[in-house]
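Just below is one structure, and these are the notes that go with it.
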Amino acid sequence: MSQPVLRFAPSPNGFLHLGHAFSALVTHDTARALGGRFLLRIEDIDVVRCRPEFESAIYEDLAWLGLSWEAPVRRQSQHFPAYEAAAERLKDAGLLYPCYASRREIADAVAAREAESGRPWPRDPDGAPVYPGVHRGPGGDERDRLEAEGLRPAWRLDMGRAVAVAGEGLSWRELDEDGSVSEVRADPLAWGDVVILRKDVPASYHLAVTLDDALQGVTHVTRGRDLFQATSVHRLLQRLLGLPEPLYRHHRLILGDDGRKLSKSRQDTALRALREAGRSPGEIRQMIGLGSSGISG
Ligand code: GLU
């Protein structure tokens, strides 16, 4: 068997907190335990929210925790042509369509459908309304008119067609906490017509993460439970693009005192704040329930 490859893939849009420390340490410790490689990937396609000072802070905080990773670090903002090329293949297969709808138009369409039916419009697994099909691939004239108005489209996946092309039996292998592997049925339809290329940048989280994991030869995707459902979309893209299937491990999340997922806007759990308050890397491990080997969770 080839050498395992694991990665930690933060977005530099804020300072890392205890939840990131847990994810990075679990991934790093697992890589070490398996005799595998540990990669760090900077997921900075959101060129407005991501900032260089947050990226430098990631390197600083992870090094302080005692982690080391391979160089060079892949920074997604340097690879837009690769994401566009993958999307081009999906376009050629007739699986993407341009969508010019603004957030407001989408919200209005959802409200109108709810008023009409008297029922809530379906939500995706993240709780956002499923795309209600405002612009579903406008024809040539309509497109010319929208472009002449200065509008640029997002490119959405025609989910119904994509699932039909991908065929039956889409699932993934999940490495459970007790070390056993279970088969999880993927349900990409629950997400509706997801965005594959955003309006502002020629990439999206789903496309970039899937493509990069394949390009970097990642064998074990270790990340939080909050991304469990997104794996359905990633498995679909892997099938459509002919990419290998990694093993997945969605670990528990570190919750705040209020029982909610930590956010980058909370200062008290930021690693740099804890460091400045005199906490040691060992204490951080203890705070998040990781022993020195750290492969639990
Ligand atoms: N960049 C994503 C985040 O910071 C994680 C991507 C992944 O691990 O799949 O939430």
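Considering region 177-207 alone, what residues qualify as being polar (S, T, N, Q) and either in contact with a helix residue (DSSP H, G or I) (Cβ under 6 Å, 6 or more places away or on another chain) or closer than 22 Å to residue 127 by Cβ (or both)? 204 - this is the single residue of region 177-207 that is polar (S, T, N, Q) and either in contact with a helix residue (DSSP H, G or I) (Cβ under 6 Å, 6 or more places away or on another chain) or closer than 22 Å to residue 127 by Cβ (or both). Taken across region 268-281, residues that are of a type in the set (A, V, I, L, M, F, W, C), under 21 Å from residue 13 (Cβ atoms) and more than 16 Å from the ligand (Cβ to nearest atom) do occur, with at least one present.
Condition first: closer than 20 Å to residue 37 by Cβ and away from the ligand (no atom under 12 Å from the Cβ). Now tell me which residues in region 217-236 satisfy that.
217, 219
Exactly one residue out of 6, 90, 62, 95 is within 14 Å of the ligand (Cβ to nearest atom), over 15 Å from residue 270 (Cα atoms) and touching a helix residue (DSSP H, G or I) at 6+ places or on another chain (Cβ under 9 Å), and it is 6. Per the conditions (1) within 26 Å of residue 32 (Cβ to Cβ); (2) assigned to a loop (DSSP other than H, G, I, E, B); (3) within 11 Å of the ligand (Cβ to nearest atom); (4) not small (Gly, Ala, Ser), the sole criterion not satisfied by residue 245 is (3).
Between 145, 156, 161, the distinction of being surrounded by fewer than 15 Cβ atoms within 10 Å (Cβ to Cβ), charged (D, E, K, R) and either farther than 20 Å from residue 103 by Cβ or in contact with an Asp or Glu (Cβ under 9 Å, 6 or more places away or on another chain) (or both) belongs to 145 only. Of all residues in region 79-92, exactly one satisfies the criterion of being out of contact with any Leu (no Cβ under 7 Å at 6 or more places or on another chain), farther than 21 Å from residue 147 by Cβ and surrounded by 14 or more Cβ atoms within 10 Å (Cβ to Cβ), namely 79. Has region 118-137 got at least one residue that is out of contact with any Asp or Glu (no Cβ under 9 Å at 6 or more places or on another chain), part of a helix (DSSP H, G or I) and either surrounded by 16 or more Cβ atoms within 10 Å (Cβ to Cβ) or of a type in the set (Asp, Glu) (or both)? No: region 118-137 contains no residue that is out of contact with any Asp or Glu (no Cβ under 9 Å at 6 or more places or on another chain), part of a helix (DSSP H, G or I) and either surrounded by 16 or more Cβ atoms within 10 Å (Cβ to Cβ) or of a type in the set (Asp, Glu) (or both). Quick check, is residue 49 within 14 Å of the ligand (Cβ to nearest atom) and over 18 Å from residue 271 (Cβ atoms)? Taking the combined requirement at face value, the residue satisfies it. Applying a threshold of 7 Å to beta carbon distances and a minimum spacing of six or more residues, or different chains, the list of pairs starting in region 81-96 at a residue that is more than 26 Å from residue 139 (Cβ to Cβ) and ending at one that is modelled with pLDDT under 95 is empty. Select from region 23-46 the residues that are more than 13 Å from the ligand (Cβ to nearest atom), within 15 Å of residue 67 (Cα to Cα) and among the hydrophobic types (A, V, I, L, M, F, W, C) and list them in ascending order. Selection gives 25, 31, 33, 38.
Among the residues of region 161-192, those identified as of a type outside the set (A, V, I, L, M, F, W, C) and under 13 Å from residue 237 (Cα atoms) are 161, 167, 171, 187, 188.
Being among the small types (Gly, Ala, Ser), part of a loop (DSSP other than H, G, I, E, B), under 13 Å from the mean Cα position of the chain (by Cα) and at pLDDT 95 or above, is that true of even one residue in region 193-204?
Checked against the condition, which is being among the small types (Gly, Ala, Ser), part of a loop (DSSP other than H, G, I, E, B), under 13 Å from the mean Cα position of the chain (by Cα) and at pLDDT 95 or above, region 193-204 yields at least one hit.
The values are calculated or read from the model by the stated rules, or taken from the named source; none is laboratory data. Fair warning: this is a prediction, and the values are worked out from it, not measured in the lab. Virtual Cβ from ideal backbone geometry, glycine too; neighbours counted across all protein chains shown.
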